[in-house]
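**Student:** Sharing a structure here in structure tokens format.
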Amino acid sequence: MFAITLQAQTVAPAAGASLGGAQSLLENPIVVMIPLFAIFYLMIIRPQQKRMKEHQALVAGLKRGDTVVLNSGVIGKVVRVEDKEAQIEIAPQVTVKVVKSMVTEVRTRTDVAANDAKA
């Protein structure tokens, strides 16, 4: 029964009848792929790039005294900021060195310049 349906759909149109313009456009795979790629870009790639830029700005703006949340969920206070690493105080007199890209959120910001002596 399925094979009969397929044969019926592949029958050529009668002489004088022509396929519609829309159907002939949909047969071209490039015409179908362009809108799919545009939707894919707008819904997946563009928002991800925006989030990456925001995260890079967040990491670049880390300063001593900021309260941060790490990727693992640990909350601490920034003690020292280096090029690619930061020292985070997670408890009194307990500091850990972490990669700055693991900071996911800055809860409170301070206006102290990075690595200044404590006042």
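Throughout, read-outs are computed from the coordinates displayed, never taken from laboratory work. Everything numeric here is computed off the predicted structure, so don't read it as measured data. Note: ideal-geometry Cβ built from the backbone for every residue, glycine included; neighbour counts use all protein chains shown.
**Student:** Convert each backbone phi in segment 84-96 into a coupling constant with the Karplus relation 6.51 cos²θ - 1.76 cosθ + 1.60 (shift: θ = phi - 60°), then list the ³J(HN,Hα) values in order as whole Hz, x for Gly and Pro.
**Tutor:** Values per residue, Gly and Pro as x: 10, 10, 9, 9, 10, 8, 9, 7, x, 6, 10, 10, 10 Hz.
**Student:** Going by a ≥ b ≥ c, the root eigenvalues of the Cα gyration tensor, does segment 63-108 fall in the rounded group (a/c under 1.5), the prolate group (a/b larger than b/c) or the oblate group?
**Tutor:** Numbers: a/c = 1.26, a/b = 1.04, b/c = 1.21.
The shape class here is rounded.
**Student:** Here's something else I'd like to know. Once phi is turned into ³J(HN,Hα) by the Karplus curve 6.51 cos²θ - 1.76 cosθ + 1.60 with θ = phi - 60°, what whole-Hz value does each residue of segment 33-43 show in order, with x for glycine and proline?
**Tutor:** Karplus-based 3J(HN,Hα) across segment 33-43 equals 6, 4, x, 5, 5, 4, 5, 4, 5, 5, 9 Hz.
**Student:** I'd like the trypsin sites (Lys or Arg not before Pro) in segment 26-98 restricted to DSSP loop residues with at most 10 other Cβ atoms within 10 Å, sorted by number. The partial results should precede the final answer.
**Tutor:** Numbers: sites: Lys50, Arg51, Lys53, Lys63, Arg64, Lys77, Arg80, Lys84, Lys97; in loops: Lys63, Arg64, Lys84.
The qualifying sites are Lys84.
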